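The values are calculated or read from the model by the stated rules, or taken from the named source; none is laboratory data. Bear in mind the structure is a predicted one, so any value in this text is a computation, not a measurement. Positions of Cβ are generated from backbone atoms using ideal geometry, with glycine treated the same way; all protein chains shown enter the neighbour counts.
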Amino acid sequence: MTCSPFDLNDYFLKELPEAGRRQVEAHLRECGGCREELERLRLTEATLFALREEEIPQRIAFVSDKVFEPAPWRRALAAFWGSAARLGFASAAMLSAAILFAALYRAPARVTTAGITPAEVQAQIKAAVDQAVHESEARESDRTEKLVADLLNREKAESKMLASAQDYVHYQDLRLAAAASQQYRQSSYQGGAQ
């Protein structure tokens, strides 16, 4: 907004002839509104010069360009991992193949009992059971010994704490008795002096 006969933009950009410049300068001395407008133009110029210059990109790319599309194998992989049905089918197929492979190529464990009498089988079973019972009893015995040792250690620590507490209580009783005795002596001394 300008009230001068010339445009302030032309004056600011130095596009006016010398006579027009003098005429605008004379008007600016008298008109506060035009001075404010010219000051705003100068502030805009200073702000524009404060911005750093950036190089104009050589090519502007759009999201729809082929450059941004992933490779075909990535698209296929994303489509596969994004589908729960395909993942379920693939995992079921892998599980079926693993079960089939295990069934076909696993040698069955065969127990040969040729030449062993039922009495020998019973003796082997009894020996294995006796050994397992013996090992279990040994483990339980070790565990019991450890628990008893822990209990004795805890009992010793607690008895030390109780003895310490008893000593502290005895010490406090002695202090209280001494304080009471001293107070009695002071009161009898003050009472006798009157």
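Could you tell me whether Leu48 is assigned to a helix (DSSP H, G or I), at pLDDT below 90 and within 17 Å of Cys3 (Cβ to Cβ)?
On the way: assigned to a helix (DSSP H, G or I): yes; at pLDDT below 90: yes; within 17 Å of Cys3 (Cβ to Cβ): no.
No, not satisfied.
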task: Take the range 13-37 and flag every residue that is farther than 13 Å from Cys3 by Cα and either outside any helix (DSSP H, G or I) or touching a residue at least 24 places away in the same chain (Cβ under 8 Å) (or both).
output: Leu13, Lys14, Glu15, Leu16, Pro17
